[in-house]
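Worksheet: one structure, shown below.
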Amino acid sequence: MNQLRERLQDWTDAGLISADQADLIVAHEAARAPDDATQARLAERPPAHAARTAKARLTSPAEAIGYVGAALALGAIALILGDLWQELLLGGRLALVGVLTLALFGAGVALRSSTAPAMQRLTSVLFTGTAAGTGWFAAVIASDILDLRHSAVATSVGATVLVTAGVLYLWRPRALLQLATLGAGAFTAGWALSLSPLDPGTEWYGLVVGTVGVAWFLLALGGWLTPRTVGQVAGALVGFLGVQIASFGDPALLALAVGLVMAAALVVLAIRVDALHHLIVGALALFVLSPQLVFELFGDAIGAPATLLLVGLLLVLLAVGLGRARREVIRDTAEDEGGH
């Protein structure tokens, strides 16, 4: 206002405006000053308001209510089935499972078009529950109608979940559906092997499960699966699970050696491409498999000292890998800050 009065005085002295006009301008601007201050304060509020809105979307009440409702429904179903399942007729069992599965699928379809992250997560949970429901439906048919043996029932359940989860994943590629598809694939492959008239050893089960995991890892590495990081980590873990299963069989030394090579290759890959998730999984596999390999080679005599030496070397390798892979974290953080 002081600057305005000085300018008005200059304009009055120059004859551009009259003194009365100058007084009217001062009175008008003085009346508007509180409004401008209020508007300025309000202008500072939208960022905080937007942050609160984003936080509210991150922790959506609808998502929380959906999860709580699902948990209560599952608890009620478990209580009902525990008391009445054996008394239900076949038609009643199929109707109950079918209605529950269709309800989950319908709820997922209703929410699939929502762009809110919370609703997208809830949709993934509903679709994953739909895949589990179809497996339950297949179990009722296989056991109560077809009267199949246990391995055949398990294989049919796994195959049904695999197909359902795979189709839903292709329709809506989300992390939870990807994990459900991978888990169903490994489960189906393992139980399908038990259908053989021969008696496959433990190493064959490990080989089958490990092959599924490695194939999944390669698909994710090649960009065929999204999210890629989830596919790579999950595939690698399933691959190492297969190695661990195979190590309980006769060729334990060979299985552990193969697993060690896989883990070392994953660590090398992590260092070359600066991928921290590869380093974590590879280092974890090295720490789990290396002591077992040492005891297989040296027995109890020098197994403990050799294991300590090996763990020390692995820690050094892990430190080197972390030093290289931390650049990925720094780069990702910089990209996130630049994107915001």
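Annotations for the structure displayed:
- Spin-label pair Leu269/Arg172, simplified geometry with 7 Å Cα→Cβ offset, distance in nm: 3.0
- Taking each residue as 0.36 nm, the span from Val109 to Ala76 lengthens on full extension beyond its C-alpha to C-alpha distance by 9.5 nm.
- Gyration tensor (alpha-carbon) shape descriptor, region 192-233, a/c threshold 1.5: prolate
- The distance between label points at Gln3 and Phe298 comes to 7.9 nm (points 7 Å beyond Cα on the Cα→Cβ vector).
- A straight line joining the Cα centroids of region 263-301 and region 208-229 runs 19 Å.
- Cα gyration tensor shape for region 134-276, rounded if a/c is under 1.5, else prolate or oblate: oblate
The numbers here are math on the coordinates, done by the rules we state, and not lab data. As the structure is a computational prediction, the values presented were derived from the model and not from experiment. For neighbour counting, all protein chains shown are included, and Cβ atoms are generated from backbone atoms with ideal geometry for every residue, glycine included.
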